[in-house]
1. With r as the distance between the Cβ atoms of ALA186 and ASP267 and R0 = 22 Å, compute the FRET efficiency 1/(1 + (r/R0)^6) and round to 0.05.
2. Got the relative contact order for the range 177-285 handy, in percent, Cα pairs under 8 Å and 6 or more residues apart?
3. I want to make sure I understand the PRE zone here: with the label point 7 angstrom from the Cα of ASP159 toward its beta carbon, which residues in the range 90-125 have backbone N atoms less than 16 Å away?
4. Placing one identical point scatterer on every Cα of the chain and ignoring solvent, what is log10 I(q)/I(0) from the Debye formula at q = 0.10 Å⁻¹?
5. What spacing in nm lies between the two simple spin-label points modelled at LEU89 and ALA113, each 7 Å away from Cα in the Cβ direction?
6. Work out from phi, with θ = phi - 60° and the Karplus expression 6.51 cos²θ - 1.76 cosθ + 1.60, the ³J(HN,Hα) of each residue of the range 209-226, listed in order in whole Hz, and give x for Gly and Pro.
7. Once the Cα gyration tensor of the range 177-285 is diagonalised, what are the square roots of 5 times its eigenvalues, in whole Å and ordered largest first, as equivalent ellipsoid semi-axes?
8. On a straight-distance basis, which lysines could pair with LYS40 in a cross-link, Cα separation under 28 angstrom, same-chain partners fewer than 8 positions away excluded?
Amino acid sequence: MAQPIAVFDAHGKHAQRAVFTADGETLVTCGQDARIRLWKVPSFAPDGAFEGHAASVNTLSFSADGGLLASGSSDGTVRIWSFPGGRELDVLDGQLAAAVSSEGGFATISTKARAVLWDGNYDEVATLPLLDRRLFSLVFTADGGSLLVAGTESVHRVDVKRRVKVGAYAGHQTAIASMALSADGALLATTGAEGMLRLRRVDGGDELFAVRLGRPGVMQVAFSPGGESLAVSIDFAIQIRSTVDGALLSTIDVPIKGVYGLGYSPDGRFLANAGADGRIRIWAL
């Protein structure tokens, strides 16, 4: 059985996300202790914390240049931080999750299940018409021209300039648990609570494959830096699957049921996972 090269207590109860910075020098994590924590790479020694949220921090999104970090929390706020300094630049009330555009704008999911667009000055641009009964995550396409919003069965595609829905990627039968874009922005991976992993082209929406994961779980997903494989979290394990056909390449056994956020280091050396035991585990690849 593979063993992690590092395991450390990070967020008390649940650790929710683990994201490496683009330069690979820092791992950023968040969780139910309401804090965002920084860890030096490759030692994974503590390197500071951002404090301000009043409840679990569940999402993290960096700007393209790495100078801003947007965090979403169960306290109903999205907070914008300078990075790595940790100065709080703004608080967007009534919001739960955020994505940062390559063009400098933001999008959020509100506490009323609406997608909201913001400009680079943190001013609201538009609240979009209702897209779905519930919204779970969002991400901008690589060029910043479209916003992808995961709902109860489909990923909704929104034209940012026109502020209208222009299409949807269907296929899942229930809530979309997670979605991720490949580093080049060409591929979109999604997982559904029904236990399916789907991979499709962003442009055109052609589905490349759909595979059943074979085990329940949180089903977070992350692309390897080179795009040749996907990591998917399930109960007690992380599956590594090919982006060619979804074939199972390997399985990393994890000694906890709740395997949450996954993050690859940009050089592909490490895979980090956040867990329901509040710990972060680092796997050497």
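Taken together, the values in this text are just the output of simple stated rules run on the coordinates, not laboratory data. Owing to the predicted nature of the structure, the values given are computational and were not obtained by experimental measurement. Cβ: placed from backbone, ideal geometry, glycine included. Neighbour counts: every protein chain shown.
1. Working: r = 21 Å, r/R0 = 0.94.
Result of the calculation: an efficiency of 0.60.
2. Numbers: 278 pairs, mean separation 18.8, N = 109.
With pairs under 8 Å counted, the relative contact order is 17 percent.
3. In the range 90-125, the label zone of ASP159 (backbone N under 16 Å from the point 7 Å along Cα→Cβ) covers no residue.
4. Debye intensities relative to I(0), on a log10 scale: -0.47.
5. Result: 3.2 nm between the two label points.
6. Ordered by residue, 3J(HN,Hα) equals 6, 9, 10, 8, 6, x, 7, x, x, 6, 6, 6, 9, 8, 7, 5, x, x Hz.
7. Numbers: eigenvalues 90, 50, 25 Å².
Listed largest to smallest, the semi-axes of the range 177-285 are 21, 16, 11 Å.
8. Reachable lysines: LYS13, LYS257.
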